[in-house]
Amino acid sequence: MLKNYFRTAWRNLARGKSFSMINISGLVVGMAGATLILLWIYNEVSYDRFHENKDRIYKVYSVTDIPGVKRNAIDVVSQPLGPGMKRTFPEVEAFTRFGDNDNFLVTVQNKSFTKIAGAFVDENFLRIFSFPLASGNINEQLNNPTGIVITERLALQLFATREAIGKTIRLDSTDNFTVTGVLKDLPTNSTLSFDYLLPWTYLKKLGWNNDDWVSNNIFTYLLLKPNTDVTAFNAKISNFTRINAGRNDLWLHFVYPLKRWHLYSEFDNGVPVGGKIDTVRIFGIIAGFILLIACINFMNLSTARSEKRAKEVGIRKVSGAGRGLLIGQFIAEAALTAFIAGGLSLLLVQLVLPAFSTLVGASLSVPYSSTGFWVCALGFVVVTSLLAGSYPAFYLSAFKPVSIFRKQFKKSQAVFSPRKVLVVLQFTFAVILIISTLIVQHQLQYAEDRDPGYSRNNLVYVNFVGEIEKNYPLIKQELLDRGIASSVTKNMLKIVSNQVRMWGFRWAGENPKDTTTTINMFSSDADLVKTAGLQLVAGRDIDIYRNITDSSAVVLNETAVKLMGFKDPIGQLVQEPYGHRTWHVVGVVKDYILASPYDKIPPVVIEGPNAWFSAMHIKFNPARGTAANLAMAERVFKKFNPAYPFEYQFADAQYARKFENEERTKTMAGLFAALAIFISCLGLFGLSAYVAESRVKEIGVRKVLGASVANIARLLSVEFVRLVLISILIASPLAWYAMSRWLSGYTYRISISWGTFFMAGLLAVVIAVATVSFQSIRAALANPVKSLRSE
């Protein structure tokens, strides 16, 4: 029976080659598009799931708890918290801290490398996390103060071989480490990323340890014992820092499970509210849309050919075939089409997967060796077969023989028909995607056009590595004397990044509630306004070289002035949290963007020299070309920091990275909107060909009676345009609702305008008309003698 089904199905596919090509092409593109999205989704939801202890690994979070103030959750804690929790709470089986660092100069023999991602960890790290060793004994890792664990990738980079056990690596030209273990390269879907691991004891040797319970600066992970009640455990650890620090105005804590780190990383008022999961859900819906549009094509084109298949159905029924057998026949045809399309779609996926992986910023692959993949692929094709073939099967098998032979089954001119509903449905999905793509584009452009508040042109920053900080005065002077730079400043952090955030500042006439507002701290020695191109509103810049009292000076941004209620801010005093220092205001700068261009600008306090600096900003001389400035600057840095290569970053390039996620979303949405339109147009092309064919004699009569080509083309096109217009009316409110929800996640966002819907609708109509017009004009130009002679 099955063999007969598929033999007949193959004959029908071969008989209608054009119809079959359109059907298969639509399914191939639809299945390939859905498969690409599903591969990306699988990569996202599988983050960190390869760890054997994945159900017992938790990260410790800190959260503020100030009455009347929004709770602020961060994923760093103090360094003594992890060991303290292991000693105090029996639920903790093991802990590890993770302090990332990429500033070491890594030297092997006479070759040196920088910007290699490393981390300081406790000795339980590789027992908590399942990063398997390619060579080495797990029990000998991270307990040797001069031992280092590296990845295979780093071993190849340093030694040109994976066999690196016992080899020596020198860090910062001072300390030698022996390779005790080589890890297999980390999976790309890992939240933790590093190329080498150093024992925590080395961090202590460098003097970088900090036993202050108030200073949150390190990631801490716990392995909880099986069957631990996490809710009860969170209640026990909540006040742990308060108890140990002896203060009531400090951080509370909770643990957050590994399975939620990647997808649920955003918090509001201390509560997880989503994150990457929102994008995953959106593209999951898009995958469903694309596949459904392809299936609708199959349904429409199959039912459109009903007249040609009607006599076949009638003869089968008269010969005794039951409806079940006919349904089986049509489902078999859909299954054969789907299986052919499935195989071709895999080939298409394989061809475009490298480019798609680059687009989404992930290393995607088709897991051909996985049994689960083939089970899912088979299920995917079967579901597509049932989805695409069910309606044609039940529709065609329902024809009554008497109606068929009297040709009373045709309902093509009905106001409402399943075929018209399906056309409207698929174009509704396509128009929703077009509108969404346009809104994402407008939101991205809106943020890119936002004034950052500082000048990014010719602005570079260099991290303090090696001897740079020690020789900073000499480097600065030579850069200025040789005309390489117009100004130079040293700073706590990069101007394009989040600054240190604190609350508890005090000032005269303060509102107690305002003193609990989080304020961003930044620091500079001199010439920050000139170097970064900040816009001075009042007063002057900090300059400790010309004004000795500027060691206790601050510059405020406009938001900070508003928060503090200063009418005349110059000369006002601001006290640091806990009364550590008192600063006097010397200037006010216009608000500038720190981290996200989509968020409100927070209050900023720019202090004179504070506890530490980590980078210097250089404003290159605009009178000389960038390449020449870089070449000359490199010679200066090599002179005063010879062991390190000259490494720099342009502020404008760093600022552009703030838009990467939205750029990726925009490109993906645009790509799949184009696929949806393409598949929908394939269906329209096939339907318009069928309509033109079914009305060929009517067209011949009209031409004989004097109808023009334009009149006939309009006659054949107007029905499809009407359906597209209906889909635009349905899609517009749905797209408005969905994109309003999406935009609500941005503080700085566009308002959705009617022009967006007009543009999307016009684009859909133009594409539909262009698609249908080919068949309409072709039919209108046909010789009426041929069509009428065949009667």
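The values are calculated or read from the model by the stated rules, or taken from the named source; none is laboratory data. Everything numeric here is computed off the predicted structure, so don't read it as measured data. Every residue, glycine among them, receives a Cβ derived from its backbone with ideal geometry; neighbour counts consider all protein chains shown. Note: accessible area is taken over every heavy atom of the protein model, side chains too, but ligands, DNA and RNA are not part of it. Shrake-Rupley method; radii C 1.70, N 1.55, O 1.52, S 1.80 Å.
Pairs LYS167/LYS639; LYS184/LYS236; LYS470/LYS562; LYS490/LYS590; LYS86/LYS115; LYS54/LYS184: which exceed 28 Å Cα-Cα?
LYS167/LYS639; LYS184/LYS236; LYS470/LYS562; LYS86/LYS115
Relative contact order for region 52-211: what is it in percent, counting Cα pairs under 8 Å that are at least 6 residues apart?
Once normalised by length, the contact order is 23 percent.
Output the peptides 35-42, 330-337, 256-263 sorted from most to least packed, where packing is the average of other Cβ atoms within 10 Å over each peptide's residues. Numbers along the way, then the final one.
Working: 35-42: 20.5, 330-337: 23.9, 256-263: 17.9.
Those peptides, ordered most packed to least, come out 330-337, 35-42, 256-263.
Counting Lys +1, Arg +1, Asp -1, Glu -1, what net charge surrounds THR582 among other residues with beta carbon under 10 Å of its beta carbon?
Within the 10 Å Cβ shell, the charges total +1.
How large a share of the accessible area of region 429-501, in percent, is made up of carbon and sulfur atoms when the probe is 1.4 Å and the other protein chains stay in place?
C and S fraction of accessible area: 46 percent.
May I ask you to rank ASP541, ASP48, ASP185 by accessible area, largest first, using a 1.4 Å probe over the protein chains only?
Largest accessible area first, the list is ASP185, ASP541, ASP48.
Per residue, what accessible area does region 152-288 have, given a 1.4 Å probe and all protein chains present, in Å²? Walk me through the numbers before you get to the answer.
On the way: 6530 Å² over 137 residues.
Counting only protein heavy atoms, the per-residue value for region 152-288 is 48 Å².
Would you work out the charge dipole size for region 198-304 about its Cα centre, treating the Cβ of every Lys and Arg as +1 and the Cβ of every Asp and Glu as -1, and quote it to the nearest 20 debye? Walk me through the intermediate numbers first.
Values: 10 positive and 7 negative charges, 66 e Å.
Dipole about the Cα centre, nearest 20: 320 debye.
Of the accessible area of region 567-667, with the probe set at 1.4 angstrom, what percent is carbon plus sulfur?
Using a 1.4 Å probe with all protein chains present, region 567-667 comes out at 53 percent carbon and sulfur.
Once neighbouring chains are kept in place and the probe is 1.4 Å, which whole percent of the accessible area of region 177-264 is contributed by carbon and sulfur? Present the calculation step by step, with values, prior to reporting the outcome.
Details: 1870 of 3910 Å².
With neighbouring chains kept in place, the figure for region 177-264 is 48 percent.
D for region 437-534, whole µm²/s, Stokes-Einstein with Kirkwood Rh over alpha-carbon pairs at 20 °C and 1.002 mPa s: what number?
Value of D from the Cα-based Kirkwood radius: 128 µm²/s.
So how far apart, in nm, are the two label points at ALA362 and SER46 if each is 7 Å from Cα heading toward Cβ?
About 0.9 nm separates the two model spin labels.
I want the local charge near ASP48. Using Cβ-Cβ distances under 13 Å, sum +1 for each Lys or Arg and -1 for each Asp or Glu among the other residues.
+4
Taking the Cβ of SER135 as the center, what net charge do the other residues with Cβ under 10 Å away carry, scoring Lys and Arg +1 and Asp and Glu -1? Intermediate values should be presented prior to the final figure.
On the way: positive: ARG162, LYS184; negative: GLU152, GLU163.
Residues close to SER135 contribute a combined charge of 0.
Could you do me a favour and compute the accessible area per residue for region 523-627, 1.4 Å probe, result in Å²?
Using a 1.4 Å probe on heavy atoms only, each residue of region 523-627 averages 41 Å².
Wrap a convex hull around the Cα atoms of region 199-253, take a quarter of its surface area, and give that in square nanometres. Walk me through the intermediate numbers first.
Values: hull surface 20.0 nm².
Spelled out: convex hull of the Cα atoms, projected over all directions, averaged, 5.0 nm².
At a 1.4 Å probe radius, which order do LEU353, LEU186 fall into by accessible area, largest first? Write out the running numbers ahead of the final one.
Numbers: LEU353 5, LEU186 40 Å².
Of LEU353, LEU186, the descending order of accessible area is LEU186, LEU353.
With every protein chain in place, what's the accessible area of PHE240 (1.4 Å probe, Å², nearest 10)?
Taking all protein chains as shown, PHE240 has close to 20 Å².
May I ask for the equivalent-ellipsoid semi-axes of region 57-176, computed as the square root of five times each C-alpha gyration tensor eigenvalue and listed largest first in whole Å?
Working from the Cα gyration tensor, I get semi-axes of 34, 19, 12 Å.
Run the quick spin-label model on ARG664 and ARG506: label points 7 Å from Cα toward the beta carbon, then report their separation in nm to one decimal.
Inter-label distance under the simple model: 4.6 nm.
Starting from the Cα coordinates of region 465-617, work out the convex hull volume and express it per residue in Å³.
116 Å³
If you average the alpha carbon positions of region 449-506 and of region 185-212, how far apart do those two centres end up, in angstrom?
The distance from the Cα centre of region 449-506 to that of region 185-212 comes to 26 Å.
Can you give the accessible area of PHE95, probe radius 1.4 Å, in Å² rounded to 10?
30 Å²
Ranked by accessible surface with a 1.4 Å probe, highest first, in what order do CYS376, CYS681 come?
CYS376, CYS681
Express the accessible area of region 33-123 per residue in Å², computed with a 1.4 Å probe while the remaining protein chains stay in the model.
Using a 1.4 Å probe on heavy atoms only, each residue of region 33-123 averages 40 Å².
Which one, ALA447, PHE464, SER486, is farthest towards the positive end of the dipole of region 437-524 when Lys and Arg carry +1 and Asp and Glu -1 on their Cβ?
Checked the options; the winner is PHE464.
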